[in-house]
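Undergrad: Okay, here's the structure, questions in a sec.
The values are calculated or read from the model by the stated rules, or taken from the named source; none is laboratory data. Here the structure is a predicted model, which is why all the values come from computation and not from measurement. Note that we place each Cβ from the backbone using ideal geometry, even for glycine, and neighbour counts take in every protein chain shown.
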C-alpha cells in the first residue's frame, strides 16, 4: 500500500479510536497532520493571549518547520498504530 493511502487510512482510524488519547498525543497528531498536508506553518500566532489551545496548536505545528511531509506521515501512522494496540 502506498504511503499516502496508509496515511489516509490512519487519519480515518484516528476518528474511530475507542479511547481518547492524551492532550499531548492529540497535539502531536495535529501538528504532524498539518505539516504532512499543508507544509510549514505560515500563519500568524493567535491574537488572543488567552486562547491557550490555539496557541499550543500553532506552536506545535511551527516546531515541525522544515520536516518533510513523508516523515510526518510515517510518524502519524506509527502513533495511530500504537494507539490502536493499547
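Undergrad: Which residue is nearest to residue 15 (Cα to Cα), if the candidates are limited to the range 64-86 and must be surrounded by fewer than 13 Cβ atoms within 10 Å (Cβ to Cβ) and modelled with pLDDT of 95 or more?
TA: Within the range 64-86, the match that is nearest to residue 15 (Cα to Cα) is 81.
Undergrad: I've got another one for you. Taking residue 41 and the conditions (1) touching a residue at least 12 places away in the same chain (Cβ under 8 Å); (2) part of a helix (DSSP H, G or I), which numbered condition does it fall short on, given that it satisfies the others?
TA: (2)
Undergrad: Looking only at the range 44-58, count how many residues are exposed (fewer than 13 other Cβ atoms within 10 Å of the Cβ) and in a helix (DSSP H, G or I).
TA: Residues flagged as exposed (fewer than 13 other Cβ atoms within 10 Å of the Cβ) and in a helix (DSSP H, G or I) within the range 44-58 amount to 2.
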